[in-house]
1. Only helices (runs of 4 or more DSSP H) wholly contained in region 322-431 count here; list those with 3 or more residues that are at pLDDT below 75, surrounded by fewer than 11 Cβ atoms within 10 Å (Cβ to Cβ) and basic (Lys, Arg).
2. Is there any pair linking a residue in region 320-342 that is within 26 Å of Val83 (Cα to Cα) to one that is in a helix (DSSP H, G or I) and not polar (S, T, N, Q), with Cβ under 6 Å and at least six apart or on different chains, and which?
3. Looking at Gly258 and the list (1) in contact (Cβ under 8 Å) with a residue 40 or more places away in the chain; (2) out of contact with any strand residue (DSSP E or B) (no Cβ under 8 Å at 6 or more places or on another chain), which single condition is not satisfied?
4. Those residues that are under 25 Å from Lys69 (Cβ atoms) and either part of a loop (DSSP other than H, G, I, E, B) or among the polar types (S, T, N, Q) (or both), I need them from region 266-291; list them, please.
5. Give me the pairs: first residue in region 83-99 and modelled with pLDDT of 95 or more, second residue surrounded by fewer than 17 Cβ atoms within 10 Å (Cβ to Cβ) and assigned to a loop (DSSP other than H, G, I, E, B), beta-carbon distance under 7 Å, and six or more apart or on different chains, which are they?
6. For region 11-21, which residues satisfy the criterion of being outside any loop (DSSP other than H, G, I, E, B) and either touching a Phe, Trp or Tyr at 6+ places or on another chain (Cβ under 7 Å) or closer than 20 Å to Cys160 by Cβ (or both)?
Amino acid sequence: MGENKTISQVVKDGLCTGCGTCVALCPEKAIEMVIDEKKGIYVPELDEEKCNHCGICFKVCPGHEVDFKGLNLEIFGKDPEDVLIGNYLNCYVGHSTDYDIRYNSASGGLITQLLIFALEEGLIDGALVTRMKKNNPLEPEPFIARTKEEIIEARGSKYCPVPANIALEEILNSEEGEKFAVVGLPCHIQGARKAEQINKKLRDRIVLHIAVFCSGTPNFKATEFLLRGLKLKVEEVKTLKYRCEGWPGQMTLELRNGKTEHIPYPTYWDGFGNLFFPFRCKVCIDWFSKISDISFGDAWLPEMENDEIGESVILSRSIQCENILQQLLHKEKAELGHVNSDKVNESQKGFSRKRRDLKVRLTMSKLLGKEVSLYDDDCLQQPQFHVYLHSSLVYLLEFIASRRNIWWLLDIYCTILKCGRYFKSKLKLYG
């Protein structure tokens, strides 16, 4: 791959995930995550004068390459039977028994509950999590939570770019013998795993890799477009919670004038959120975070449609996580029910569609002259012709979403979608 390649090459190729791993692992502290205002994403900025071209930033980057087969063998000792969800020991549906935690988390509250339990039992000394900045509520703040209160402060989804792995630096600088959990999206877990391959200190100190299922993360312009639809300016927002208060929850905006806006989930993206996904998200194959120790997602299942508090779907992949889940059950901190892997896949039907579309994405990206990531994985499927037509339309809509000056065209698209849903509901109502 080239020993002297740096993270700048990944940025140039458009393959950066914005995970922040390179920042934490750079021995010369020559990299900083900055917001690309045009694209609405985080990118690493390399100080060439400080850089010694050691290549570590390139080696730990999950953006340009992930060897899933090699990592599966290293972590689990075998290839997964299910290429979509990866290796696992058990699948569950469940929730925290603490009502406040469950009600005010994204779904079920089990990540928050698990972290609090692991901290109080001495299994970890802290957890890498993310909260929104107090002085800039539309930007995320990755940090190491060392108290129950800090873990609770970080609960809930963040539907914006998050360079979570910049906080790996704090783990690297921690006291000898301290243990940590890392919570993130699949790309954050990939970055942490790759970093651990070349850094023993990190490998010894990270004892739990906890992931959230991910179909892609909207860039900052998605939130800007949303606020625009509400006739709000960014500077009017005092606090922002992307998702809280029951299931499926709602976005809560506290404004500086004292007013509060509540927007139900998922209607606040209203069919346009995926149009603001960065390019790298669109060619990802790791929606279930296959190399995490445990991963969680919403229980989008027919039998859960009347649930108003929240349930999590859980893929438990390690013996340690199995033990923690059983202890949570024994101490009545959680309620869990076994399900099979088909149920997990059913709960995330969108991932199957993404798998169907992935080869089209990769093919069209190459035709457009874009670089694509190298995957040693069996996830690709042969698509039908209509998928190419659909993807062409999506590419056009994504282009519109990327240009603020023609967002009025996106307004028309969203209006058509709303009208279509309205008439569809009427037809269903009257048979």
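The values are calculated or read from the model by the stated rules, or taken from the named source; none is laboratory data. Computed from a predicted structure; not experimentally measured. For neighbour counting, all protein chains shown are included, and Cβ atoms are generated from backbone atoms with ideal geometry for every residue, glycine included.
1. Result: 407-429.
2. Leu336/Leu329
3. Every listed condition holds for Gly258 apart from (1).
4. First, pick out the residues of region 266-291 that are under 25 Å from Lys69 (Cβ atoms): 279-291.
Of everything in region 266-291, those that are under 25 Å from Lys69 (Cβ atoms) and either part of a loop (DSSP other than H, G, I, E, B) or among the polar types (S, T, N, Q) (or both) turn out to be Val283, Cys284, Ile285, Asp286, Trp287, Phe288, Ser289, Lys290, Ile291.
5. Asn87/Lys78; Cys91/Asn340; Thr97/Glu332
6. Val11, Thr21
Quick grid of which residues meet (1) within 22 Å of the chain's Cα centre (by Cα); (2) hydrophobic (A, V, I, L, M, F, W, C):
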position	(1), (2)
Cys16	yes, yes
Ile35	yes, yes
Leu46	no, yes
Cys57	yes, yes
His64	yes, no
Gly77	no, no
Tyr88	yes, no
Arg102	yes, no
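Conditions tested, residue by residue: (1) charged (D, E, K, R); (2) surrounded by fewer than 21 Cβ atoms within 10 Å (Cβ to Cβ); (3) under 21 Å from Lys331 (Cα atoms).
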residue	(1), (2), (3)
Cys57	no, no, no
Cys61	no, no, no
Glu65	yes, yes, no
Gly70	no, yes, no
Asp79	yes, yes, no
Val83	no, yes, no
Cys91	no, yes, yes
His95	no, no, yes
